[in-house]
Amino acid sequence: MAFEKELEIIQRNVEEIIPLAELKAKLAKSAKSGKALRIKYGIDPTGFDVHIGHLVPIRKMRDFQDLGHTGVIIIGDFTAQIGDPTGRDDSRPPLTHEQVKINSEKYMDQLFTILKPEQTEIRYQSEWFATMGMADVLKLMGKFTLAQFMAHDTFRNRYEQGLTLGMHELMYPILQGYDSVAIASDVELGATEQKFNILCARDMQRYYGMEQQIAVLSPILLGTDGVNKMGKSLNNYIAVFDPPAEKYGKVMSIPDSLILNYYSYATFCSPQQLAEIKQQLDSGTNPMILKKALAYELVKLYHGSEAAAKAQEDFEKLFSQQEIPQEMPEYQLSAEDNSVVQILVKSGICSSNGEAKRLIKGGGVSINGEKVLSFDSPLELDGEAVLRAGKRKFLRIKRV
């Protein structure tokens, strides 16, 4: 039957489905009625930099769309001003409505690199929360107990450690749960760390006499260091906005142990392809070959075949043939630019003095092939030079 094929695709590369039997029933019902399921995913646009780890559940939404179902993206313009406490040890500063609006537009531009716009519905929480009064809010809160929330690791740990835990943060799972009521969600997608919130939404739907949604939980993609969860703060992420060459180079920097993981969760490889890749790894195939193919596929996914081929060619020239790229950004030195740290920050290569100093300390900065050894070394330059930062960033510097 058709829904059995759907189930096979949906189960691919997911950590947990709760409950599986109900998902089977929903798929069978959808197949019989011809009515598409509504697949929910919520985003809190507290920022707009999306990395490929964020897109693991989005790829699952695309799987649902390819099967004819509707993706529903919830823009958390209310919860973004609270901040999801899940997995965090502190609180987030509140955002203005204008900040949320700008972030959400940039966020969606990146999600549409994966999703089908014609099968994607975008909804804002303000559609239903803006008209709620205090009586409505208290009614929502009354459907849960404090004991339920304190049983959750995040809340309990912060309380036991004496860390800040605002009452408004306890509202986060409640508001997220009501989103599922408002849009009549059939399935909610999220990382494993979202399990508590998604199950709260199931309870909320039950309280409102609705058919409960299914939780489809995706694994968390490790960062390029192979140790920590992918994240900007650890500089171990591959951003959707990264240019092709940067994406390609970052993939080539991952440890060999992540090759199969990235093929599984960062591309659309079929089970048959994954089995072949695993067989090659097990049989001793040079991991560099598989990594290059992975880097090509990832760049192709976001930028197309031509950009992927160019990124691969440039990488080969740069690292296999030890060439300096012909094309690179240029930076005109002013009279005030008298240190490498200043240049790294003002050119945008590094986001702060601290990041620039760490890069220099690690031996990752050179000028015309000579390593920069000190933060305070004066910059003596006649004409122009090539500054290299890390493995992949080059900057042609010229004195005005």
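Figures for the structure shown
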read-out	value
Selected residue (criterion: modelled with the lowest pLDDT) from residues of region 88-124 that are buried (at least 19 other Cβ atoms within 10 Å of the Cβ) and in a helix (DSSP H, G or I)	VAL100
Residues located in region 180-205, provided they are of a type in the set (Asp, Glu) and either in contact with a His (Cβ under 6 Å, 6 or more places away or on another chain) or not in a helix (DSSP H, G or I) (or both)	ASP186, GLU188
Test set (1) under 29 Å from SER233 (Cα atoms); (2) modelled with pLDDT of 85 or more - GLU313 fails condition number	(1)
Residue check for GLN332: in a strand (DSSP E or B) and loosely packed, with under 15 Cβ neighbours inside 10 Å	yes
Hey, GLU313 touching a helix residue (DSSP H, G or I) at 6+ places or on another chain (Cβ under 8 Å), at negative phi and open to solvent by 60 Å² or more (accessible area, probe 1.4 Å) or not	no
ILE17 being outside any loop (DSSP other than H, G, I, E, B), aliphatic (A, V, I, L, M) and in contact with a strand residue (DSSP E or B) (Cβ under 9 Å, 6 or more places away or on another chain)	yes
Enumeration of residues in region 199-222 that are open to solvent by less than 10 Å² (accessible area, probe 1.4 Å) and at pLDDT 90 or above	CYS200, ALA201, MET204, GLN205, GLN213, ILE214, ALA215, VAL216, LEU217, SER218
Region 338-374, residues that are surrounded by fewer than 12 Cβ atoms within 10 Å (Cβ to Cβ), touching a Gly at 6+ places or on another chain (Cβ under 9 Å) and either assigned to a strand (DSSP E or B) or touching a residue at least 40 places away in the same chain (Cβ under 8 Å) (or both)	LYS371
Residue within region 351-361 that is small (Gly, Ala, Ser), modelled with pLDDT of 85 or more and within 15 Å of MET252 (Cβ to Cβ) present	no
Residue match in region 165-178 (condition: without any contact (Cβ under 8 Å) to a residue 12 or more places away in the chain, open to solvent by 10 Å² or more (accessible area, probe 1.4 Å), more than 27 Å from LYS60 (Cα to Cα) and assigned to a helix (DSSP H, G or I))	yes
Region 95-121 residues that are small (Gly, Ala, Ser), paired with ones that are open to solvent by less than 80 Å² (accessible area, probe 1.4 Å) and modelled with pLDDT of 90 or more (beta carbon under 7 Å, 6 or more apart)	SER104/ILE75
Residue within region 32-49 that is more than 19 Å from the chain's Cα centre (by Cα), surrounded by fewer than 15 Cβ atoms within 10 Å (Cβ to Cβ) and part of a helix (DSSP H, G or I) present	yes
Meets criteria (within 20 Å of LEU301 (Cα to Cα), more than 19 Å from the chain's Cα centre (by Cα) and touching a residue at least 24 places away in the same chain (Cβ under 8 Å)) for PRO244	no
Residue count, region 33-58 (criterion: charged (D, E, K, R), more than 17 Å from ALA215 (Cβ to Cβ) and modelled with pLDDT of 90 or more)	1
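The values are calculated or read from the model by the stated rules, or taken from the named source; none is laboratory data. Keep in mind the model is a prediction, meaning the values are calculated, not measured. Methodologically, a virtual Cβ is constructed for each residue, glycine included, from the backbone with ideal geometry; neighbour enumeration extends over all protein chains shown. For accessibility, only protein heavy atoms count, side chains too; no ligands or nucleic acids. Shrake-Rupley method; radii C 1.70, N 1.55, O 1.52, S 1.80 Å.
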